[in-house]
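Novice: Supplied in structure tokens, the structure appears directly below.
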Amino acid sequence: MNGKIEQYLHSLIPERTGLLKELEDFAMENNVPIMEPEGIEVLLQILRLHQPKAILEVGSAIGYSAIRMAETLPEARIVTLERNEARIEQARANFKKAGLSERITLIEGDALEAGPKVMEHGPFDIIFVDAAKGQYKRFFELFEPFLADAGIIITDNVLFKGLVAENIEEMEMTRRKRALIKKIRDFNIWLHDHPHFDTVILPIGDGVAISKHRGDINEKA
């Protein structure tokens, strides 16, 4: 997106206060990955339109996005996954500060091993994926069966700072980073070719993919 337009859109977003501002400042100071302001505004607007009753979040970090979702939808219940012990402790403390501990369930451990625990809380109207980018396809395939009829899967960071559109072979970067970019590219292609989902990628924040299931949940594969 044009830099000036991006700055303009950013200027229109109301300033956060209280706990939300505290969490944003903490994330910036401690290099904690949370969703970019423009991206989370898109996420929250989708929630307002879809009015989900149950949301699964893959990747809690310090609990910022789970709190934003819970505050936007007072009737929704949220299940969120996190494996980092320090982040788990911080997220739980933040949920308590926000008065949301009763509505947000945090499942500890590797998301790729959390299927049985997640299944106990499903089905979910929205699945939000914001965890290890190199595992996006595996996350999608693992948690898709827990999606309700006509559900939506939202995936963040699918443009990876615009690097998916660059000629990375001519850029200086580590082999690991180059491999990660290729994985994200492959995921985006796979997502658009998925036989049971319609997907659009919005160039907002770090790139947000919105994947809407086309029909009967029994058709999912």
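The values are calculated or read from the model by the stated rules, or taken from the named source; none is laboratory data. Bear in mind the structure is a predicted one, so any value in this text is a computation, not a measurement. As a convention, Cβ positions derive from the backbone with ideal geometry for all residues, glycine included, and neighbour counts pool all protein chains shown. Accessible surface is based on the protein model in full, side chains and every heavy atom, while ligands, DNA and RNA are left aside. Shrake-Rupley method; radii C 1.70, N 1.55, O 1.52, S 1.80 Å.
Novice: Express the Stokes-Einstein translational diffusion coefficient of the chain in µm² s⁻¹, to the nearest whole number, given a Kirkwood radius over alpha-carbon pairs, 10 °C and a viscosity of 1.306 mPa s. Write out the running numbers ahead of the final one.
Specialist: Numbers: Rh = 18.0 Å.
Stokes-Einstein gives a translational diffusion coefficient of 88 µm²/s.
Novice: Let me ask another. For the chain, with a Gaussian network of springs between Cα atoms less than 10 Å apart, report the residue from Glu108, Glu29, Glu172 with the top mean-square fluctuation.
Specialist: Maximum among the listed residues: Glu172.
Novice: Whole-Hz ³J(HN,Hα) for each residue in region 129-137, computed from phi via Karplus 6.51 cos²θ - 1.76 cosθ + 1.60 with θ = phi - 60°, x for glycine and proline: what do you get?
Specialist: 9, 8, 10, 4, 4, x, 10, 4, 5
Novice: Please give the charge dipole size of region 1-155, origin at the Cα centre, charges +1 on K and R Cβ atoms and -1 on D and E Cβ atoms. Round to the nearest 20 debye.
Specialist: Once rounded to the nearest 20, the dipole reads 140 debye.
Novice: Give the calculated FRET efficiency between His192 and Asp110 to the nearest 0.05, with a Förster radius of 35 Å applied to their Cβ-Cβ distance.
Specialist: 0.80
Novice: Right, another one. Note down the accessible area of Glu85, probe 1.4 Å, to the nearest 10 Å².
Specialist: Counting only protein heavy atoms, the figure is 150 Å².
Novice: Work out, step by step, the length gained on full extension between Leu19 and Asp149: first 0.36 nm times the residue separation, then minus their alpha carbon distance; give nm to one decimal.
Specialist: Residue separation times 0.36 nm, minus the Cα-Cα distance, leaves 43.3 nm.
Novice: If I build a Gaussian network model for the chain, linking alpha-carbon pairs within less than 10 angstrom, which residue out of Gly115, Gly207, Gly18 has the largest mean-square fluctuation?
Specialist: Gly18
Novice: Can you tell which of Phe187, Phe26, Phe95 shows the greatest fluctuation in a Gaussian network model of the chain with Cα springs below 10 Å?
Specialist: Result for the chain, Cα springs under 10 Å: Phe26 fluctuates most.
Novice: If packing is taken as the average count of other Cβ atoms within 10 Å, what order do 189-196, 69-76 fall into, highest mean first?
Specialist: On the way: 189-196: 13.5, 69-76: 16.2.
Output ranking for 189-196, 69-76: 69-76, 189-196.
Novice: Then there is this: Thr80's amide H: which non-local residues (gap 5+, or another chain) put their own amide H closer than 5 Å, with H modeled 1.01 Å from N in plane and none for Pro or chain starts?
Specialist: Hits under the 5 Å cutoff: Glu57, Thr105, Leu106, Ile107.
Novice: So what is the diffusion coefficient of region 47-125 in µm² per second by Stokes-Einstein at 37 °C and 0.692 mPa s, using a Kirkwood Rh over Cα pairs?
Specialist: Translational D for this selection: 264 µm²/s.
Novice: Multiply the residue separation of Arg138 and Ala27 by 0.36 nm, subtract the distance between their alpha-carbon atoms, and state the gained length in nm to one decimal.
Specialist: Stretched fully, the Arg138-Ala27 segment lengthens by 37.3 nm.
Novice: Would you compute the Debye intensity of region 1-108 from its alpha-carbon atoms alone, equal scatterers and no solvent, and pass along log10 I(q)/I(0) at q = 0.15, 0.22 Å⁻¹ to two decimals?
Specialist: Ignoring solvent entirely, the Cα scatterers give -0.64, -1.28.
Novice: Show me 173-185, 48-60 ranked by packing, highest mean number of other Cβ atoms within 10 Å first.
Specialist: Per-residue Cβ counts within 10 Å, averaged per peptide and sorted highest first, yield 48-60, 173-185.
Novice: Follow-up question, since we're still on this one. Please report, as a whole percent, how much of the solvent-accessible surface of the chain comes from carbon and sulfur atoms (probe radius 1.4 Å).
Specialist: 51 percent
Novice: Let me ask something else. Take every Cα pair under 8 Å in region 35-92 that's 6+ residues apart, average their separations, divide by the length, and report that relative contact order as a whole percent. Spell out each step's value before the answer.
Specialist: On the way: 63 pairs, mean separation 22.4, N = 58.
Taking the mean separation of contacting Cα pairs over the length of region 35-92, I get 39 percent.
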